[in-house]
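The values are calculated or read from the model by the stated rules, or taken from the named source; none is laboratory data. Remember, it's a predicted structure, so these values are computed and weren't measured experimentally. Neighbour counts are summed over all protein chains in view; Cβ atoms, including those assigned to glycine, are modelled from backbone coordinates with ideal geometry.
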Amino acid sequence: MLDLPHLALFVALGAVLGALGGLFGIGGGLIAIPVLGLFFGLDQQHAQGTSLVMVTPNVLVGLRGYARRGSVDKRVAVLLAACAVSFTALGALYATRIAGPGLRIAFGAFAALIALYFIVETLRTGANGDAPRRPRLAWGWTGVVGALGGVVSGFFSVGGAIFAVPVLTLLFGYAQAAAQGLALALVAPGALVGLVTYALAGDVDWAIGIPLAVGGTPCVRFGVALAHRLPDRALRLLFGVLLVAASAALLVKR
């Protein structure tokens, strides 16, 4: 049971993570996982499972916010979610059986590689980064992206979003905000599946996760609003910087 100062700390931390999760379309889990590991001593499995207590409602609120602003193609979103959900369970089952340091290093390396490619490609586009682009995600590729995103989501808890956003922007021409909205659709149903899987494995600290959710969920909408005000290229670069910071935090932990 948490004392009052720690309870207030986790609620405040959840508020910050919720706003950032709305801004970047990742539910806040990408930042929560290294924070819970570095500053609160949770091993990788417990950090991922606990973060899902906050991420699950956050992604639903964030998805609703992006959809209300017209950033979500509903047909693509439904197919992404349907293809992702069953594969999320497989990834989560596998992740709960891996030793902590190996999973943490794999997650950090994965985020670092995605960040490097994303930032290089964003900078390479130059001034064209804000130019209108025509999405070209065919139905077959939607299923592939959904299935792969589901596996990565289950394996790395929030990895589906950091996988889907660069794929949708760099390979299929979506604007950053639209890609973030679709990424939330991909991870939304799987987040609940992942949470149940981690909880059954005993890898959820509810005393930390619930205050994070209480603080985070109401603040998601502020991040969503900011995401739609920023220029596309600036939002993409900020997303890449976030990935770099998260991967560094994971890789430097002893």
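Name the single residue that is modelled with the highest pLDDT among those in the stretch 95-112 being surrounded by 14 or more Cβ atoms within 10 Å (Cβ to Cβ) and not hydrophobic (A, V, I, L, M, F, W, C). Of everything passing the filter in the stretch 95-112, GLY108 is modelled with the highest pLDDT. Of the listed requirements (1) in contact with a helix residue (DSSP H, G or I) (Cβ under 9 Å, 6 or more places away or on another chain); (2) modelled with pLDDT of 85 or more; (3) over 20 Å from ARG124 (Cβ atoms), PRO189 misses just one: (2). Only one entry of VAL214, VAL196 meets the criterion of being more than 17 Å from the chain's Cα centre (by Cα), outside any loop (DSSP other than H, G, I, E, B), more than 16 Å from GLY25 (Cα to Cα) and without any contact (Cβ under 8 Å) to a residue 12 or more places away in the chain, and that entry is VAL196.
Return a yes/no flag: does the stretch 20-39 have any residue that is buried (at least 24 other Cβ atoms within 10 Å of the Cβ), within 12 Å of the chain's Cα centre (by Cα) and β-branched (Val, Ile, Thr). Yes, that holds for at least one residue. Within the stretch 199-211, the set of residues being free of Cβ contacts under 8 Å to residues at least 12 places away in the same chain and in a helix (DSSP H, G or I) comprises just one member, LEU200.
On inspection, LEU123 fails the criterion of being touching a Phe, Trp or Tyr at 6+ places or on another chain (Cβ under 6 Å) and either under 21 Å from PHE24 (Cβ atoms) or modelled with pLDDT under 80 (or both). Scanning the stretch 210-223 turns up one or more residues that are modelled with pLDDT of 90 or more, in contact with a Phe, Trp or Tyr (Cβ under 6 Å, 6 or more places away or on another chain) and buried (at least 24 other Cβ atoms within 10 Å of the Cβ). For the stretch 180-194, taking the residues that are of a type in the set (Gly, Ala, Ser) and farther than 18 Å from PHE118 by Cα, the one that is surrounded by the fewest Cβ atoms within 10 Å (Cβ to Cβ) is identified as ALA188. Of the residues ILE31, ILE26, the single one that is within 20 Å of LEU237 (Cβ to Cβ), assigned to a helix (DSSP H, G or I) and of a type in the set (Val, Ile, Thr) is ILE31.
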